[in-house]
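S.K.: Sharing a structure below in structure tokens format, with a few things to ask.
The values are calculated or read from the model by the stated rules, or taken from the named source; none is laboratory data. None of these values were measured; they are calculated from a predicted model. Glycine gets a Cβ as well: all are built from the backbone with ideal geometry, and neighbour counts include every protein chain shown. What goes into the accessible areas is simple: the full protein's heavy atoms, side chains included, and nothing from ligands, DNA or RNA. Shrake-Rupley method; radii C 1.70, N 1.55, O 1.52, S 1.80 Å.
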Amino acid sequence: ITSLGSYVKLDNSGGNVSLSLPPGKGMNLDLRADKIRTESGVLNNFSGAAEEHKIKGTVNGGGVPVDVHASSGRITLALQ
């Protein structure tokens, strides 16, 4: 995703999700998966809880809701 609108919502019942978001934007993260991997720098300016299966909190003070659920897969999150 090169530009954020009013929200990001992705649900996947099987398989992995690879998500790249623009850096420097305020976001409210709500991610759930079997395993979550974040690229370097994603959780800079992050406030909240980051666990292996769940990330919930704000980046850069919060802003656009980013809700991603991969029930039987992994999430890889990058900022580019």
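S.K.: Restricting to segment 21-70, name every residue that is small (Gly, Ala, Ser) and in a loop (DSSP other than H, G, I, E, B).
M.R.: Within segment 21-70, GLY24, GLY26, SER40, GLY41, GLY61, GLY62, GLY63 meet the criteria.
S.K.: Let me ask something else about it. Output the residues belonging to segment 46-70 that are open to solvent by 20 Å² or more (accessible area, probe 1.4 Å) and touching a residue at least 60 places away in the same chain (Cβ under 8 Å).
M.R.: Selection gives VAL64, ASP67.
S.K.: If I go through segment 14-40 residue by residue, how many of them are acidic (Asp, Glu) and open to solvent by 40 Å² or more (accessible area, probe 1.4 Å)?
M.R.: Looking only at that region, the number is 2.
S.K.: Quick one: is LEU43 open to solvent by less than 20 Å² (accessible area, probe 1.4 Å) and of a type outside the set (Val, Ile, Thr)?
M.R.: no
S.K.: Within segment 71-80, which residues are closer than 15 Å to THR38 by Cα, open to solvent by 20 Å² or more (accessible area, probe 1.4 Å) and part of a strand (DSSP E or B)?
M.R.: Result: ARG74, THR76, LEU79.
S.K.: Right, SER3: touching a residue at least 60 places away in the same chain (Cβ under 8 Å) and either assigned to a strand (DSSP E or B) or of a type in the set (S, T, N, Q) (or both) or not?
M.R.: So SER3 fails the test.
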